1. Could you please tell me which pairs satisfy a Cβ distance under 8 Å, a separation of 6+ or placement on different chains, a first residue in segment 153-165 that is of a type outside the set (D, E, K, R), and a second residue that is open to solvent by 60 Å² or more (accessible area, probe 1.4 Å) and in a strand (DSSP E or B)?
2. Any chance segment 233-252 includes a residue that's modelled with pLDDT under 80 and either open to solvent by less than 90 Å² (accessible area, probe 1.4 Å) or in contact with a Ser or Thr (Cβ under 7 Å, 6 or more places away or on another chain) (or both)?
3. What's the number of the condition residue 225 fails, among (1) surrounded by 12 or more Cβ atoms within 10 Å (Cβ to Cβ); (2) free of Cβ contacts under 8 Å to residues at least 12 places away in the same chain?
4. Taking into account only those residues within segment 134-188 that are more than 25 Å from residue 51 (Cα to Cα), open to solvent by 30 Å² or more (accessible area, probe 1.4 Å) and not in a strand (DSSP E or B), which is modelled with the lowest pLDDT?
5. Out of everything in segment 32-51 that is assigned to a strand (DSSP E or B) and over 13 Å from residue 237 (Cα atoms), what residue ends up being least open to solvent (accessible area, probe 1.4 Å)?
6. Test residue 49 against the criterion of being modelled with pLDDT under 80 and under 24 Å from residue 205 (Cβ atoms), and give yes or no.
7. Please work out which residue is farthest from residue 41 (Cα to Cα), limiting yourself to segment 53-74 and to residues that are at pLDDT below 90 and of a type in the set (A, V, I, L, M).
8. Please specify each residue of segment 207-222 satisfying the condition of being at pLDDT 80 or above and more than 18 Å from the chain's Cα centre (by Cα).
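The values are calculated or read from the model by the stated rules, or taken from the named source; none is laboratory data. Since the structure is predicted, the reported quantities are computational estimates derived from the model, not experimental observations. Quick reminder, even Gly has a Cβ in these numbers, built from the backbone with ideal geometry, and neighbours come from all protein chains shown. Just the protein is used for accessible areas: all its heavy atoms, side chains included, with ligands, DNA and RNA removed. Shrake-Rupley method; radii C 1.70, N 1.55, O 1.52, S 1.80 Å.
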Amino acid sequence: TNIKKITVLLMVLGVFTFYAFAGIEWTTSIITTGKGKAANKEIDAHNYAQGGNVKQTFERVTRDDMFYFNNGYWLYKGDEDTIYIVNDKKRNYMTISMDGLLQMTGMVGQMVKIEILNPSIDTEVLPDETLLGFPCTHLKITTDYTMKMKILLIKKTLTIHEVKEVWGAQVPGLKEINAKFLKKDIKTGIPDLDELIRKQMEQQKAIGFPLKMITRTTQMDKKGNPGAENTYTMTVTKISPKDFPDSFFEIPTDYKKEEGPWDATKKIF
């Protein structure tokens, strides 16, 4: 659905806004769970960053999709402000600029009319914890709101309850490059949703590098009937400094460039 596409795009943007800093590598485990087989997914990734470049290699994906797949990786090149989506199995790649990715969420926003009613955000500072040897600030952010959606001729009203816990640390090297990415505005093209996202991000802007995140989202319809329940868990399992040669962040010269689905989307609009 269009809502799921927006959610995936925001997750992708999150990779580059929170995980970008120089000369370091880390591994992550990402687990999403919910009702139905399609809602369950596991991703193990190896991540690298240096000199404005960020590379995320997918070591295990239990269910492939357009953004996350086995035998592939994402590469963000800072000097170009461009994301490369590389498929090693097919020996090809697609590109999209960071601004283009933001514009794509705006295009999706033109198809989905969303109104956010009665939003409330409560942030609780929990006791500090130590993860992977780093002292972490631990926050719990609770968000409640009513979402009225209109997709073409379909109307739907949902009550959303979201509880996010974040453990963030001031990892050496984070401030050197991370600020460039934090200046990027994450926009869906849906004003009410953009404002809610802005307020949520404001709550955790000073937390540093998230070593762990758990987000539990519950939906109910306007009659109070329970709908989807999803949990997203991201855990950094290992992190260490490392220097990389410039060639590490280059696409193999024999890989073929392919047109991405967002290129077709641009032609529609």
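1. 157/148; 158/220; 159/220; 161/220; 163/140; 163/216
2. Going residue by residue through segment 233-252, those that are modelled with pLDDT under 80 are none.
Within segment 233-252, not a single residue is modelled with pLDDT under 80 and either open to solvent by less than 90 Å² (accessible area, probe 1.4 Å) or in contact with a Ser or Thr (Cβ under 7 Å, 6 or more places away or on another chain) (or both).
3. Among (1) surrounded by 12 or more Cβ atoms within 10 Å (Cβ to Cβ); (2) free of Cβ contacts under 8 Å to residues at least 12 places away in the same chain, residue 225 violates only (1).
4. 187
5. Filtering segment 32-51 for residues that are assigned to a strand (DSSP E or B) and over 13 Å from residue 237 (Cα atoms), the one least open to solvent (accessible area, probe 1.4 Å) comes out as 49.
6. Details: modelled with pLDDT under 80: no; under 24 Å from residue 205 (Cβ atoms): yes.
So residue 49 does not fit the description; no.
7. 54
8. Residues of segment 207-222 that are at pLDDT 80 or above, as a first pass: 207-221.
Passing the criteria: 218, 219, 220, 221.
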